[in-house]
1. Would you please name the residue that is nearest to Tyr21 (Cα to Cα), looking only at residues in the range 43-92 that are more than 14 Å from the chain's Cα centre (by Cα), at pLDDT below 85 and among the acidic types (Asp, Glu)?
2. Looking at the range 1-21, is at least one residue touching a residue at least 60 places away in the same chain (Cβ under 8 Å) and more than 18 Å from Ile77 (Cα to Cα)?
3. Answer yes or no as to whether Glu72 is among the acidic types (Asp, Glu), touching a strand residue (DSSP E or B) at 6+ places or on another chain (Cβ under 8 Å) and open to solvent by 80 Å² or more (accessible area, probe 1.4 Å).
4. Is it fair to say Arg95 is open to solvent by 70 Å² or more (accessible area, probe 1.4 Å), within 13 Å of the chain's Cα centre (by Cα) and in contact (Cβ under 8 Å) with a residue 60 or more places away in the chain?
5. Where residues in the range 26-69 are in contact (Cβ under 8 Å) with a residue 40 or more places away in the chain and open to solvent by 90 Å² or more (accessible area, probe 1.4 Å), which of them is nearest to Arg90 (Cα to Cα)?
6. Answer yes or no as to whether Arg79 is touching a Cys at 6+ places or on another chain (Cβ under 8 Å) and not acidic (Asp, Glu).
7. Looking only at the range 75-92, which residues are over 26 Å from Trp24 (Cβ atoms) and open to solvent by 70 Å² or more (accessible area, probe 1.4 Å)?
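The values are calculated or read from the model by the stated rules, or taken from the named source; none is laboratory data. Values in this document were obtained by computation on a predicted structure and should not be read as measured data. All Cβ positions, glycine included, derive from the backbone under ideal geometry; neighbour counts span all protein chains shown. All accessible areas refer to the heavy atoms of the entire protein, side chains included, with ligands and DNA or RNA removed. Shrake-Rupley method; radii C 1.70, N 1.55, O 1.52, S 1.80 Å.
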Amino acid sequence: MKILVNLIQLAVVLAILYPVYYVWDTGRVEDFCELIEPGISVSELQKLADAQGITLNMPADNETGQWMTSVESSASIDRFACVIIGAVDRVASARLVTE
């Protein structure tokens, strides 16, 4: 019985804390996406991500020179992400995606 009570208490605490974490994490992704301007270099993008505490997984070089990466919210049940598209060493666009 005590285990059941502890599980219910844990569920209540998580139900209270999750909305706070959700707002913080999605806000962090949204703020980062708004800071990205078309035309900045990949090194400037990496510096911006480091300053914001965000990890970017940049794809390896390919034959076409076009690339795409995203910064996703870990708190979002649906997909909430900033999709960044670029060519060679420049950012072409950055937009928020919610699915």
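1. Among those residues, the one meeting the criterion is Asp61.
2. No: the range 1-21 contains no residue that is touching a residue at least 60 places away in the same chain (Cβ under 8 Å) and more than 18 Å from Ile77 (Cα to Cα).
3. Yes: the conditions hold for Glu72.
4. yes
5. Among those that are in contact (Cβ under 8 Å) with a residue 40 or more places away in the chain and open to solvent by 90 Å² or more (accessible area, probe 1.4 Å), it is Pro38.
6. no
7. Listed by number, the residues that qualify are Val88, Asp89, Arg90.
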